[in-house]
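K.L.:
Have a look at the structure that comes next, please.
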Amino acid sequence: MLNVYIPLTLTAGLALWALVFRRRSVFANIQGPPPSRRFLTGHLRKFLGRRGWEYQLELASGKYGQVVKIDGAFGNKWLYVVDPVALNHIILKGQNVYEESPLFLAINRLLFGPSVLSTVGDHHKQQRKLLNPVFSTNHMRHMLPIFYRITERLRDTLAEMTVDGPRTIDMLGWTTRAALEMVGQGGLGHSFDSLEADSTNAYAENMKSFAPTFFPMILVRQLLPQLINIGTPRIRRWIVEYTPHWRVQKLKRIIDSMHTVACSIFEGKKAAFAQGDDAVVQQIGEGKDIVSKLLQANFATSEKDRLPDEEVLAQLSALVLAAMDTTSSALGRTLRILAEHPEAQSRLRKEVTDALENADGGRLSYDELMGLPYLDAICRETLRVYPPLVGLGRVTLKDTILPVGTPLKGTDGSLISEIHVPKGTMIYFGILGSNRNPALWGPDAHEWKLYYYYYYHSIPMCHICACAYTAKNKLQKAHEWKPDRWLSPLPDAVMSAPIPGVYSHLMTSNGGGRSCIGFKFSQMEMKVVLSTLVRHFALEVPRDLPVPIVWSSAGIQSPSLGYESDKPELPLKIGLVKA
């Protein structure tokens, strides 16, 4: 019997060695960081960890070229790409060859079911075809009054909290709650939150905790495409129920909460549609919300193109998490930057105040709001320098050739203008790296500057003895944030580069058939909230925090007090603007 196992074991071992060797040898001439000693995770702990954005910027700095080789899990090689020609080929020209990674699809199917985030090919196109009209500019105009009502409620609550003077408030908590309520009313026709000071929102807290809970589990994430195929759904659920790890149990509670709420909303919508148009109009959103429009479009379409209930339901949770997390992150980052740049804050406040002098009813129309030049520049520059997602992955479905616009210098000194990429290779395109590419945007797009994370006098004397942490972290690298770059012609290199992004020559909202379907929705959210809050409140960076505010890139970029904390929060000092 032993004689049978020996050749089988040798054969399996040789097959594994051949696979790993092939992956190692095929990119042998592509430059990259020194090989990792970790076979199981390679460079991924650095690349995808909480400070992964720093490592990715190092890769994108030009040191290794604009296509970089890194070590993935189990000896595989990944390619990190910021070259615009290569990005264009991956996302547009060769999008049938470069598919979403099995990990991305597995995560989203596990979270939401068969939503637009977890389907591929014609199935994905069918879903987007039904969703596209409800994210059009015309439909955004109908939702603007809903967004104003929610933001004005947030404004009133913050005004009550600061009526006795400025105070430090966790603004990420409030941007998350506001973003959830906007996607709730505008997207689902459902109210999640009263936005009152003494109320809490367990659903929002769960959603905000998802990324910090899940993304540190790097090895589990890499194995997830295989794990979700083990046994039956009942067996997999049993395994999850009895896995004694706090992250697993917390994720279970988050996903269960999302599913329960989505089912309740969906059944309510179906019941309203069964009662007729009058019942639909009586609901929150007045039948103009995205899910109501999706149900209308689904009922009106032909039988063969109609989505089953399971797929319509899947869009609800996908819409909430995708819209809430990214927008609240972008809003929080913008508020933090305005707190750091009082001159930009004052300039924006004046622009909004001047525009409102001629506005009807104390609100700007859609065209007036979206046409404010400095507000638009601030949003664009923040999303350029600090995209909520720092990158996304694709996997090659077959052997292919990847062209590059700027030839790479190989490890042997030769110039490389195209790369042979074998089937099954992970291609990770750098959203952050592309947005800050100095070859396109100029030296100030990727300029390293040293500045104090805290003002020197903000560190209490009793903390001086703990300077091992402070000395290491108070001098922090930062890139130049310059909204005025959007108020004059962009560099010729940017205008001529085939960057495949759908938004402002940026990769922030992705591109091609899998671009962010809700980026106009998110833009309008940001502009309504920023124009309202900046007009009424002055923002400052608190000087009495125990540790610096840092941003983690595991999943959606999220702030916390130091990298040791798993709690997403963004303390900012806010006070009413004096008349």
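K.L.:
Just report the Cα centroid separation between the stretch 346-405 and the stretch 302-323, whole Å.
P.N.:
Going from one Cα centre to the other spans 27 Å.
K.L.:
Check residue 426: other-chain or 5+ apart residues with amide H under 5 Å from its amide H, H built from backbone geometry?
P.N.:
So residue 426 has HN proximity to 79.
K.L.:
Once amide H atoms are placed 1.01 Å from N in the peptide plane, what residues at a sequence separation of 5 or more from residue 392, or on another chain, have their amide H within under 5 Å of its amide H?
P.N.:
429, 431
K.L.:
If you count, for each residue, the other Cβ atoms within 10 Å and average over each peptide, how do 495-507, 395-407 line up from highest to lowest?
P.N.:
Going from most to least packed, we get 495-507, 395-407.
K.L.:
I've got another one for you. Residues of the chain: accessible area per residue at 1.4 Å, in Å²?
P.N.:
With all protein chains present, the chain gives 45 Å² per residue.
K.L.:
Please work out the FRET efficiency for the pair residue 28 and residue 58, using the Cβ-Cβ distance as r and a Förster radius of 22 Å; give the result to the nearest 0.05.
P.N.:
0.55
K.L.:
Related question: Given (1) 33, 31, 29; (2) 33, 30, 25; (3) 38, 31, 25 as candidate values of semi-axes √(5λ) of the Cα gyration tensor in Å, which corresponds to the one derived from the coordinates?
P.N.:
The value matching this structure is (3).
K.L.:
If you average the sequence gap of Cα pairs under 8 Å that are 6 or more apart and divide by the length of the chain, what percent do you get for the contact order?
P.N.:
Details: 894 pairs, mean separation 140.6, N = 579.
About 24 percent, as a whole number.
K.L.:
So which of 46/252; 93/409; 269/293 end up more than 18 Å apart by C-alpha?
P.N.:
46/252; 93/409
K.L.:
Which of the peptides 326-332, 289-295 is most tightly packed, and how do the rest follow, going by the mean number of other Cβ atoms within 10 Å of each residue?
P.N.:
Highest to lowest by the protection proxy: 326-332, 289-295.
K.L.:
Using only the Cα atoms of the stretch 234-368, build the gyration tensor, take square roots of its eigenvalues as a ≥ b ≥ c, and label the shape rounded, prolate or oblate: rounded if a/c is under 1.5, else prolate if a/b is larger than b/c, else oblate.
P.N.:
oblate
K.L.:
For the cross-link pairs 304/520; 77/125; 125/527; 129/520; 527/578; 520/573, which exceed 19 Å when the distance is taken from alpha carbon to alpha carbon?
P.N.:
In this structure, 304/520; 77/125; 125/527; 527/578; 520/573 lie more than 19 Å apart at Cα.
K.L.:
Let me ask another. Cβ neighbours within 10 Å, averaged per peptide: list 55-66, 177-188 in order, most packed at the top.
P.N.:
The most tightly packed comes first, giving 177-188, 55-66.
K.L.:
Right, next: Residue 156 versus residue 397, label points 7 Å from Cα toward the beta carbon: distance in nm?
P.N.:
5.2 nm
K.L.:
Now a separate question. Amide H of residue 32 versus every other amide H placed in the peptide plane: which residues, excluding those fewer than 5 positions away on the same chain, fall under 5 Å?
P.N.:
For residue 32, the qualifying residues are 69.
K.L.:
While we're here: With label points built 7 Å along Cα→Cβ from the Cα atoms of residue 96 and residue 237, find their separation and express it in nm.
P.N.:
It works out to 4.0 nm between the two label points.
K.L.:
Taking the Cα centre of the chain as origin, work out the dipole magnitude from +1 charges on Lys and Arg Cβ and -1 charges on Asp and Glu Cβ, in debye rounded to 20.
P.N.:
The dipole of the chain has a size of about 1980 debye.
The values are calculated or read from the model by the stated rules, or taken from the named source; none is laboratory data. Note that the coordinates shown come from a computational prediction; the quantities given were computed from them, not determined experimentally. Cβ sites come from the backbone with ideal geometry, for glycine too, and all protein chains shown count toward neighbours. Accessible surface areas use protein heavy atoms only, side chains included; no ligands, DNA or RNA. Shrake-Rupley method; radii C 1.70, N 1.55, O 1.52, S 1.80 Å.
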